[in-house]
Amino acid sequence: MDADETGFEITQRQGAWNIRMWWPSGPVTGGPQRITVEEAEDAPARDVARGISTTVLRRLDLAGAVKAAHDAAPNLEDKVRGITETIEEAGKTAGRLLALEGVSAPYLVMLSATYVQMAGTGANRPVDWLAGLIERRPETVRDHLKKARRDGYLSSLAGKAGGELTDKATAVLDSLPDAGDAR
């Protein structure tokens, strides 16, 4: 099983094929939301050349996969809760930096690092979440993120939330006491 903050995947081998089934994070309420069938690395070329048969699909143990997903879900919820707590603490640290130093380089970098983490988890409306953590309006957070981009701390992704911290931001983050975990 492979897992991250967005969900988890269970893989089954059927003949020459690996069948990967994916569930989003949270309670398992049914079957997977995505199924991918790919040739296995050690699959005989003649079996792959024949293609995916209905026999391969009928042999899929969906009930076993759903049971494994149910068994795995509580552990994943704990992991997601831990990630959320880390993000919220980073956001509150950004808020404290803003209160102490104003719109400084350390604040902009901490804000950016928190925003990148939020966007990386697929959070809905990360700016609103961040605004709540630093106790400012979403418009203010957007302006500060724009400044972080202009100042070279945060890259942008056209039309999407997030971006990446730049080397300049990483240098500032590394110089902050106990902020190395924010990345």
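What to note about this one:
- Every residue from region 23-76 that is at pLDDT below 85 and polar (S, T, N, Q): Ser25, Thr29, Asn75
- Elements of type strands (runs of 3 or more DSSP E) in region 1-46, at least 3 residues being open to solvent by less than 40 Å² (accessible area, probe 1.4 Å) and out of contact with any His (no Cβ under 7 Å at 6 or more places or on another chain): 7-14, 17-24
- Complete set of residues in region 47-71 that are open to solvent by 80 Å² or more (accessible area, probe 1.4 Å) and of a type in the set (Ser, Thr, Tyr): Thr54
- Subset of region 155-169 (residues that are touching a residue at least 40 places away in the same chain (Cβ under 8 Å) and in a loop (DSSP other than H, G, I, E, B)): Ala161, Gly162, Gly163, Glu164
- Single residue of Ala113, Ala90 found to be touching a residue at least 12 places away in the same chain (Cβ under 8 Å) and in contact with a strand residue (DSSP E or B) (Cβ under 7 Å, 6 or more places away or on another chain): Ala113
- Count - residues of region 124-141 that are over 21 Å from the mean Cα position of the chain (by Cα) and open to solvent by 20 Å² or more (accessible area, probe 1.4 Å): 6
- Those residues of region 20-59 which are out of contact with any helix residue (DSSP H, G or I) (no Cβ under 8 Å at 6 or more places or on another chain) and closer than 30 Å to Gly82 by Cβ, in sequence order: Arg20, Trp22, Pro24, Thr29, Gln33, Arg34, Ile35, Thr36
- Evaluation of Leu173 against (1) in contact with a Leu (Cβ under 9 Å, 6 or more places away or on another chain); (2) free of Cβ contacts under 8 Å to residues at least 60 places away in the same chain (one fails), failing number: (2)
- Some residue of region 115-129 being more than 25 Å from Pro24 (Cβ to Cβ) and among the small types (Gly, Ala, Ser): no
- Pairing residues of region 33-46 that are small (Gly, Ala, Ser) with residues that are open to solvent by less than 100 Å² (accessible area, probe 1.4 Å), at Cβ distances under 8 Å and at least 6 apart in sequence or on separate chains, gives Ala40/Ala16; Ala40/Trp17; Ala40/Asn18; Ala43/Gly15; Ala43/Ala16; Ala43/Trp17.
The values are calculated or read from the model by the stated rules, or taken from the named source; none is laboratory data. Predicted, not measured: the structure shown is a model, and the values here were computed from it. Positions of Cβ are generated from backbone atoms using ideal geometry, with glycine treated the same way; all protein chains shown enter the neighbour counts. Calculation scope for accessible area: heavy atoms of the full protein, side chains included, ligands and nucleic acids excluded. Shrake-Rupley method; radii C 1.70, N 1.55, O 1.52, S 1.80 Å.
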